[in-house]
Structures are given as structure tokens and as C-alpha cells.
Amino acid sequence: MDQLDAPIPLEIGYYDPFSLYAHLKKDLETITRIDKLHWKPGPASSVRTLSNIKLNYVQSTDNKYLNFIFISSTSIDEYRARVRPVVKQWLNNVKSAKPTSVYFIILYENTSHVSRAEKLLKTNLLNKLKTDFVDEMLTFDNIFKIKSSYPSAVEKREAWAGLANSVKIGLVESIGHRLAYYRSRDTLDSMNELAHLFMSIGQLEDALYCYKDMFAKVDKLDLDEGIESCSFKDLPLADSAPDIDYKSRFKLKAFFYKQSVTILRKTATSEALMIRTQMEWMQVLSRFIESLDESYKKNEIAVVLITDFLNNAQLQKLLGGAERDLAELYEKLGDIRILRRNELIKLAHCKGYVLAGSLVDIPMHSEKYEPLDDAVKSILESESKFQEYAIDETKKVIEEYSKAQSRPRTVDTLSTELALIYFHNMKKLETSLEILNDSFTYFKNSEWKYITLGILKIFIANLEQLSATYEDVLPVLLTSYLELVAKDEPFESDKLSKILDNLTDPVVFESTDLFECDLAPCIDPAGVDTYELGVRITSKIVLPVDEIVVNFENTQFRLGSCCLEKHNNYKLESKDLVCGDLEARSIVVRSGKLEIRKTLDSRIFAYPIEQFYKNGQVLQNTVIDAVVPRVRDLNRDEIMLVARVGSEQLPRCEFVFHKTDIDRMVPKAEYVVESNGKIVETEVENDVDQLVFKCNCSFSPGSTVTVRIPYFFPPEVSNTIVPLSFGLVFGDHSVYVTKYLDTQLQIAVSVQDIFKSAQLFSNYSINSPIHNRPVRVQKVDLTSQNSKVVTWKQPRNIIAFNDQGTTFFYKIESLSDESLNLQIDYNDIEDEIVVGLEKMLEKQILSEEPELIKYSNILRTFFRAQKPKLNHYSLTNCIKTDPFETRHHQKVLSQLHPADAQSLADRLRGFFGRSYDISPDLQQEFISAAWKQLNIVVTLPVINTINIVEFRFAKQLQYLVCEPIHTRLSLHVILFKLEEKENKKVRFQNEPEIPKNINLKLDLVENENNWLIAGLKNFDLELDLQNDKSAAYEFDLVLTPLRVGKLELPRVEIRNKSDFQIQMELDYKNSSENLLVVSELNKVTYSF
């Protein structure tokens, strides 16, 4: 709290035994005002500034901030005899005072009565004075000589400036001494003096803190309360002047309260300070009231004091039109006003008045008491007047809290209390109902359990009284009663039935606590193409139910008419199966016009159930799946939807294929629907996000229906998975599946082509593209419509590995076709093993535990997860499996019924960890079940000419070095007719037209170190593309070997010298042919 702008008056005491003050008064007035004085309340405190200090000089021997003595002497003898004793006596009195005082000795010299020699003597007198009364503890001069006149104004100013400076330092020292003294004494009296000290030097905030500390200290003292001696004539305290009484706790607190209010009133010099002081006043007032012991007199004093505060002029001025934001002030006003209201309600008990519905604590004291204040007497004149006043006060509190906009919970609590008061005292049912409804909703959302329950009970009682008059309150009464039961209150069946019978409009009730609902972990078969879900409900109510529905995102499970008891186990059914991990949204219980909804937070596992065991027989459901076709054409990929009809005939149906990735759909594709090898007439609807295939015919039990959908598979080998979503709708049933389909091709094929004398030799290598996943190559055929394909007798069932494939060699004797068809029948070894394990385990389950056959679709995940030994089976025809460990499959098993999961785990533990030798017949069955086929259109390489070159000479075992060898070089050019191409119009140029003839050049590439060639080494030839089919050339050459050893015949090169590009193949008959050349000495002659 800032220092006030008014001057700070500080009393300075002076002792004038020689009547000198009259001579000094005028000059002393020049140092009575101090503009700024800097000081520190403590060593660790920041520097404070005292502004506008006015010194008031009073003749007194009491302990003041500063104490002056004015003396004068004409001689040393007079000083010793008359002056020094007076100074000593005065100084003894000053130094004995507490707190420690700061003193000044002023020696006055009348210059008009002093000679030159006396002036010298006077100087010695000042020194003598300083010698006699020096104080080594002081850090400033405190003994000064003041002359009646000075030679110049400068000298006078210097003399008085030195005194003024010492006065400032002395004031700081004096204030410090007083602070230290009062703080060292831990008594209320010293704390009160400390507060007065702060007030006297303008530090009002420090003074306020002192009174706050004294307030807290009073309660620790062993004093009488003293409230009984309080006279209401002394109230209000803010305008009275109570004396401090250290024997009465109440009077001490009243004095401190009065002093605090006085300080606060003094500081309210602006609007901002008014707001601040009013809030602090309320804080002081609340602390004073709450510190008093509980009694009726305390209640009345509180009412009177708060009323006095609310009527003070400064507050009324602020509320009348302040320019600043008063939100914080309104919040504090709400606090103080509600305190007055609560104290008044407590006081009313002395008259026997009770405000039913009020949340104020009932006073525990029972003494007799009669109110003394006239205003309080008027309020408590009658019970009805008191109730109206209390209601009006509650409204004002709500209004002020609402203006503050920071206490919504308090507003709702008071609104609820007001509604309860209306209900119990005023019988204003409609008003009470409206407020209670809002309050109940608020406290329920705020999770205030006990107050919500109490409000709800009164709310229902209110509604019951109104229901006889207003039928439209019945829905609210019903939901309120259900809320009450949900909070574990006793259920009354007759009351609920009565409300339900009188309902005219539907009522929806959302509840989380009315009943508990647990769902089975997975679905079960209820009948052919019908599925059921186990639901356990623990209810707090009992009533007949028309329908129970569990809602999921895309499906529902329902149960018809039943009875909801305390503990229930139901089987809800659905004809719409959505496979996957389903999240339950809500459960709905309908009874008449009542609908009870509960949000669910649980998941179930819905899986395709291909077959199940019921009533001694195995039945099949209609299921749908998406697969890659067994017969696959390379670069013409498609997805095949496969529907297997169950035990009942399939009526008109619709296949639905969602376009999860629109970029993979083949534009203008043709779709084929087949059943048992026959085309089915189908109406296709091609929407933006889905394909729908409508089949208007029926399908017999056990049949299969397929839909072929051309599709672009991912080209990346590392990511071959495509997400799919599809379904089948038939009659009032449906099945929807979402899956990730692996489109990877299980075999890899490479080809190498070689041309020899107008014949093509093709070498095909087949292996597995996946490491440690071999394939079985059953059969490979290379066929053509016009060309003749020759090969040797092929082996069957060859195992091809990733790094060790198999090779197939073919010879095409005539090149009449542009392409050939390569057909590969193969098996994935893993698929083969899975089929075998599935068949063997299903056989065991059907003979021993047929109830588990419903999990046949899930078993396939176990077979692949067990990672059977593929290489071992490939080589030995023996299926070897690792032991089944439950912990590796816990994720799947946890989605099943616990009992079934345990039985299935036991069954799998007995099945795995063994070796199964597969007989040839059984293996052939597995091979047929896992058979696949890949068709590849092999484009033949484009060849325009085949150049056949051959050296013809007399063959010998050996030849002599440097002896000529006569040879004939034969060149046979076979020409294939070039196809005419259309002239395509492009931006810059057209493709060149086929010329009438082309030029070729033959070169012999000789090795000068090996051969010496005599004859035609190169020549040009011209081919007529219009008429020539082929051309033959022969010419003689002489080859002379130049060194001994095995010499390779010279190489032959044929180049196209024309601008028109053609494809040529060179068939060099003597390729890699070597001649043995020997010297004459090494020649060997054979005689026959």
C-alpha cells in the first residue's frame, strides 16, 4: 500500500534551558521539510523512500525521533560551572530512554556580543564540548555551533546544510533503533507500538501487516473471550473508537479490526485504491468474524458488522458507476454477503425459526438469546419475514457471483439450495423443479456423488407432487427415478410400472450405472447362416423387455421378448456377419415406450464359421473369401471372390466389392461370374466406391460361385499385400469380410534363347523367389499353334528351391508364331503341408470333439504360424512339426471362449510336435488340393536374318606349321520378310520405311600371330528385300598356321552397312573349333 501524498509529521523534541529557541526558530524552519529520505527496514530488505517529511519541534523531555538541547556560554568557567552539568543531566535522561534515541547538542553563539579574543575562546569551547560529549558509536556529527550571524550567506548555508544532513542520517538511525527495539519484544504491546511507528512514518501497508500478525497472536494467548461485554452501542466498530484492552480477546480483535479499517480508509484516494481497499476490508472483516467462538451473539455481531460494511460510502460509490472491471470485487462481495446470510440463518434458531432446505450447518449451542440490534429484530420479527429475507439474500449472492463469472460451482450450489428452500418452505414447485433440474445435471457431470443423490431424491418428490397435475412431467419423473435406482437406491417395481403405464410419449434414458453388461469374447453359430452372441447383464431393475439390441458399427445382435432380472444370460442373434475385431457401441433395452441406452467399451471377435456341429450333424454356412486364382496368367492379374454355399440353398444374391484402392481397378474391365464352370448372368453396378454383382438365380447347397475382377497387383516384390473389403448379401442374410491379400507369385521363371540354322533353342529356369520356401514343379509345357516344339521326356514333381532351381530345354524348329505359351503346373510346399495338416486335424476333431469344428477357419493361422519344416517334407514326404506353445498363440486364443480356447490348445498340443509320414496316395491328394498353374505368353525374339557361316576343308588329326590349308568359306543368309509398319504421325519425324535392299559386309578377323590368310578377306553383299528369301555365297581361302599348338580358326564378323536397322543372328558352325598344328619333327605317321 503506497504512502499517502500528505506530509508525514514527525515530532522532534527539544530542551531549552537557556531560552535560545526563539533565536533559532526561524532558521530551524528551513530544515523542517525533507523531500526524500531513504531507509531500510532490515538488512535483507529493499531500500524504502519516505517522501514529504515535516519536522514538528516540540519542547519536551520525552523520547522523540530526535532530541535537541540548545546551549550557550561566554566562558570556559561558565561552561564548566553552569552548562556542562545541565548537558550531562539531560544526556543521561536521553540515553536511558527506550528505544534508543538520537540526540543533537546545538551551541548558540551571539556574534554581536563577542570580541576578537572571545571568538578564539569560543572556538576552544566547541572543541571542549566535543571532547566532553563525544559518542564513538555515532557515524555522523551530532554537535554543532550555530551563530546568530555569518559573514556571508554562503557560510550560513554551509553551516545549516551540515546540520540538515546529520538530521536526515539521525532520523534514519532513530527509525532503525525503534524498529529493532519493538521487533525484539514478542508482545502485543510492542507489536502495537511497531504498528504505530509504521503509521507515523506513512508505511501503512506494514502497519496493516502488523495488525494481521497481532490478530493471529491473540488466539494463542490464554485470555477470556469477553464477547459478552460487547455493547451494541459501540457498533459498528468502524465508526467507534474502542480502547485496547489486553485482558479481553474480543476487545483486542475489535481494536485491531478498527485500526485496520482506519488504515484502509485513509489509503482509498483513487478508484483503483478504493477497489483494493474494499476487498482487503472484506478480508479483514471475514477473518475477525470467523475468529470468534460460535454463539448467537457472535452471529448477530457478524450480521451488524457486515451490514455496516455493505453500506459504506466508498463501496456504494464504486457499485454506483465505476469505470474499472469489478469482477473480482463482486466475487468478494458474494463471499461476504453469503457469510452474513449464513450467520443470520444460524441466529434465527434462537427464535426457533428453521429454513428447511438450507445447506447451512445447524448451531450446536442451545442458550437463550434475544437479538439486540433493531435492524436484526425487524428481520426476525416473524418466520415468514425471515424466510423471505434469506431467499432475497441468496438471490443477491447468486447475482453477485454471476457478475464475477468465476464461481460457476458456487452459483449452482446456491441455486440448488434456493430450489430446496422453495420446495420445503414456499411450496413453489414449478420454480423449484426448474432449478433442481439444472442443478442435478451440473452436479452429476461434476461427479459430486452425495449431493447429487440428495438433490435427486427431492427432485423426484417434487415431480411426484406435480405429476398429478401435469402429465408432461412423467418422462422427467421416470428418468429421475431410474437415475435414483442407478445410484444403488432400493428399486420399487410398482412405482416404475405405474409410471410406465401412464407414459404417452417415448422416453430415451442414457445410463452407465443402471446395469452392467459383459459380452462374450467371440460369436457362435446359432443355425445355418445365423450367428449368436452371449451377453451377461446384471441389472438393478426388473421389468419385462420387448427387445434387447447390441449395436456395432456395421451390424447388430438382437433378442426378442424376454424378462430383465437381476442376473441374466442372453443369446442375441444376427443374420448379418461382419468379420473382424468388432467394437461394441451400445446396448439398447426397450420396454414399452421406454428405451434404456448404455454405451459399451468392449470388443468381440467375429470370424467366418464355415462349418459347425449341431444336433448330431455337421452343417455348413455360406461363406465368402477373396483369393488369387489358382490358374494365373502372367501380367493379367485378377482377384477372385469365392462364395461357398452352405447347407441351405442360396437365393438371389449380390456380391459387393469395395474399391479400397481405386488406382488398382482395371479400366473398362470385363467381369465374369461362374458357378461350377458355367457362366452366370449377372447385372453389374459400377459405382464410384464399389462394384455390385447381382445374381438373379439361386444356387444349390454345396455349390461354389466365383467372381473374377481384373486388378493391378503391386509390382514391388517387397510389398505384395493389398487391402480388400467385400461381402455377400443373400435374402435377409449378409457376410462382410475385410482382409489383406498376399498377391506374391510363388515361382520365378527366366529364359535364354539361342538361334541355330533357322531353329530356336529355349532354356527355361524355374525356382522359388522366396528364401526357404520351395515349390513343387509338377509339369511344364511349351506349346504353339503353328511352330513345332520338340523336347525330351520331362520328369514330374521336381522340387525347386530359391537358390537351386530346375531347367527345361526346348527346340522350336519353325518360327511361324510371334509367341509361345508356357504353362507351369506347380505347388507351394507350405500350402501343401497346410492342406494336409488341416485335413488330418479336422478328421480328429470330428471324431473326438466335433464342437470345435467351428474354429476350422482359425486353425489355418496356427498351421502357418507353426512354420512346418518345408525342406524336410520336400525331401522325405514326412511332415515334421514343432511342439505347440500356447504363449506364441495367446493373441488368437484370447479372442475365443476360455473353455474352447483351453480345449483347442490341448488338442493342438497333442497334434503338433510329431512327425507324419505321408503315403503316396495321400500325398497325391494334398498335391491336387494345393495345385496351381501359371501361364506365360513367351514372345519370340524378332529376327530379320540368320547368317550361317562355315569353313570347309580336309579334316586331319594334325597340321604342319607353315604348311597351307586350302579351305572354302560358305555363307548362307536366311531372310525373314519384314512387316510393313504404319506411318505414325509424330511431332518431329516418322519411322523410316522399309528399303528395297540392304548392304551387309563380311570381315575375317585374323590373328597375325596365329594365321596368315590368303584370298578374299572381306566383301560386301546386297540383299533384295522384295524377292530374295535367302542367299548363298562361297569362296576359297588359304590358311597358313604360323605357330604350333591348338589354334582357333579365324573369327567371322557380319555388319549392316545400311541406315535401316535389322536384327541379325550369326550361326558360326566352326565356333570354338581348334586345329592341332605341329612341327615337322613332331609329325606322326600312322600306317594301316
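The values are calculated or read from the model by the stated rules, or taken from the named source; none is laboratory data. Quick caveat, the model's predicted, so the values are computed rather than measured. Because the Cβ atoms are built from the backbone with ideal geometry, glycine has one as well, and the counts that use them run over all protein chains shown.
Rundown of residues vs (1) in contact with a strand residue (DSSP E or B) (Cβ under 7 Å, 6 or more places away or on another chain); (2) farther than 23 Å from ILE946 by Cα; (3) assigned to a strand (DSSP E or B); (4) modelled with pLDDT of 80 or more, yes/no style:
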residue	(1), (2), (3), (4)
SER970	yes, no, yes, yes
GLU991	no, yes, no, no
GLU1008	no, yes, no, no
PHE1035	yes, no, yes, yes
VAL1038	yes, yes, yes, yes
GLU1065	yes, no, yes, no
LEU1076	yes, yes, yes, yes
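Taking region 808-865 only, how many residues are modelled with pLDDT of 85 or more and more than 51 Å from the chain's Cα centre (by Cα)?
6
Looking at region 285-305, can you tell me whether even one residue there is at pLDDT 85 or above, among the small types (Gly, Ala, Ser) and farther than 29 Å from SER200 by Cα?
Yes, some residue in region 285-305 is at pLDDT 85 or above, among the small types (Gly, Ala, Ser) and farther than 29 Å from SER200 by Cα.
Only one of these conditions is not met by ALA348: (1) surrounded by fewer than 18 Cβ atoms within 10 Å (Cβ to Cβ); (2) at pLDDT 85 or above; (3) over 54 Å from the mean Cα position of the chain (by Cα). Which number is it?
The number of the failed condition is (1).
Take the residues in region 860-891 that are without any contact (Cβ under 8 Å) to a residue 24 or more places away in the chain and not β-branched (Val, Ile, Thr); name whichever of them is surrounded by the fewest Cβ atoms within 10 Å (Cβ to Cβ).
My answer is ARG887.
Residues to consider are VAL87, VAL94, VAL114; find the one that is crowded, with 16+ Cβ neighbours inside 10 Å, over 60 Å from the mean Cα position of the chain (by Cα), on the phi < 0 side of the Ramachandran plot and modelled with pLDDT of 90 or more. Walk me through it before giving the result.
Numbers: VAL94 fails: modelled with pLDDT of 90 or more; VAL114 fails: modelled with pLDDT of 90 or more.
When all the criteria are applied, what remains is VAL87.
Return only the number of the condition from (1) surrounded by fewer than 17 Cβ atoms within 10 Å (Cβ to Cβ); (2) under 20 Å from LYS88 (Cα atoms) that LEU129 does not satisfy.
(1)
How many residues are closer than 19 Å to ASP781 by Cβ and among the aliphatic types (A, V, I, L, M) when one looks only at region 816-863?
Selection size over region 816-863: 3.
In region 606-619, what residues are among the β-branched types (Val, Ile, Thr) and assigned to a strand (DSSP E or B)?
VAL618
Name every residue in region 893-917 that is surrounded by fewer than 18 Cβ atoms within 10 Å (Cβ to Cβ), under 37 Å from the mean Cα position of the chain (by Cα) and in a helix (DSSP H, G or I), in order of residue number.
Residue satisfying the conditions is PRO898 alone.
I'd like to check something: does region 620-633 contain any residue that is among the small types (Gly, Ala, Ser), in a strand (DSSP E or B) and either in contact with a Lys or Arg (Cβ under 8 Å, 6 or more places away or on another chain) or at pLDDT below 90 (or both)? Can you show your working first?
Of all residues in region 620-633, those among the small types (Gly, Ala, Ser) come to 626.
Next, from what is left, pick out any that are in a strand (DSSP E or B): 626.
Adding the requirement that they be either in contact with a Lys or Arg (Cβ under 8 Å, 6 or more places away or on another chain) or at pLDDT below 90 (or both) leaves 626.
Yes, region 620-633 has at least one match.
Go through region 16-73 residue by residue and tally those that are in a strand (DSSP E or B), more than 60 Å from the chain's Cα centre (by Cα) and either under 20 Å from HIS196 (Cβ atoms) or not assigned by TED's automatic domain parsing to the domain that holds ILE169 (or both). Can you show your working first?
Narrowing region 16-73 to residues in a strand (DSSP E or B): 33-39, 48-59, 66-71.
Among the residues that remain, those that are also more than 60 Å from the chain's Cα centre (by Cα) are: 33-35, 52-59, 66-71.
Next cut, either under 20 Å from HIS196 (Cβ atoms) or not assigned by TED's automatic domain parsing to the domain that holds ILE169 (or both) only: 52-56, 58, 66-67.
Count: 8.
Within region 357-364, does at least one residue satisfy the condition of being surrounded by fewer than 19 Cβ atoms within 10 Å (Cβ to Cβ), more than 24 Å from LYS251 (Cβ to Cβ) and modelled with pLDDT of 85 or more?
Within region 357-364, none of the residues are surrounded by fewer than 19 Cβ atoms within 10 Å (Cβ to Cβ), more than 24 Å from LYS251 (Cβ to Cβ) and modelled with pLDDT of 85 or more.
Condition test on LYS217, is it part of a helix (DSSP H, G or I), basic (Lys, Arg) and under 28 Å from GLU280 (Cβ atoms)?
Working: part of a helix (DSSP H, G or I): yes; basic (Lys, Arg): yes; under 28 Å from GLU280 (Cβ atoms): yes.
Judged against the criteria, LYS217 is a match.
Can you tell which of THR74, THR61, THR49 is surrounded by fewer than 18 Cβ atoms within 10 Å (Cβ to Cβ) and under 22 Å from THR111 (Cβ atoms)?
On the way: THR61 fails: under 22 Å from THR111 (Cβ atoms); THR49 fails: under 22 Å from THR111 (Cβ atoms).
The unique qualifying residue is THR74.
If you check ILE69 against the conditions, is it among the β-branched types (Val, Ile, Thr), in contact with a helix residue (DSSP H, G or I) (Cβ under 6 Å, 6 or more places away or on another chain) and more than 30 Å from GLU205 (Cβ to Cβ)? Lay out the reasoning, then the answer.
Working: among the β-branched types (Val, Ile, Thr): yes; in contact with a helix residue (DSSP H, G or I) (Cβ under 6 Å, 6 or more places away or on another chain): yes; more than 30 Å from GLU205 (Cβ to Cβ): yes.
It is true that ILE69 is among the β-branched types (Val, Ile, Thr), in contact with a helix residue (DSSP H, G or I) (Cβ under 6 Å, 6 or more places away or on another chain) and more than 30 Å from GLU205 (Cβ to Cβ).
Just to be sure I understand the filter: pairs with C-beta atoms under 8 Å, separated by 6 or more residues or on different chains, first member in region 759-770 and surrounded by fewer than 16 Cβ atoms within 10 Å (Cβ to Cβ), second member assigned to a strand (DSSP E or B) and aliphatic (A, V, I, L, M). Which pairs pass?
Listed by first residue and then by second, the contacts come to PHE761/ILE754; PHE761/ILE812; ASN763/VAL751; ASN763/ILE754; SER765/VAL749; SER765/VAL751; PRO769/ALA748.
Might you let me know whether region 365-383 holds any residue that is in contact with a helix residue (DSSP H, G or I) (Cβ under 7 Å, 6 or more places away or on another chain), surrounded by fewer than 19 Cβ atoms within 10 Å (Cβ to Cβ), free of Cβ contacts under 8 Å to residues at least 60 places away in the same chain and not aliphatic (A, V, I, L, M)?
No, every residue in region 365-383 fails to be in contact with a helix residue (DSSP H, G or I) (Cβ under 7 Å, 6 or more places away or on another chain), surrounded by fewer than 19 Cβ atoms within 10 Å (Cβ to Cβ), free of Cβ contacts under 8 Å to residues at least 60 places away in the same chain and not aliphatic (A, V, I, L, M).
For region 4-25, indicate whether the set of residues that are hydroxyl-bearing (Ser, Thr, Tyr) and more than 25 Å from ALA97 (Cα to Cα) is non-empty.
In the first step, residues of region 4-25 are kept if they are hydroxyl-bearing (Ser, Thr, Tyr); the result is 14-15, 19, 21.
Of the ones still in play, those that are also more than 25 Å from ALA97 (Cα to Cα) are none.
No - not one qualifying residue is present in region 4-25.
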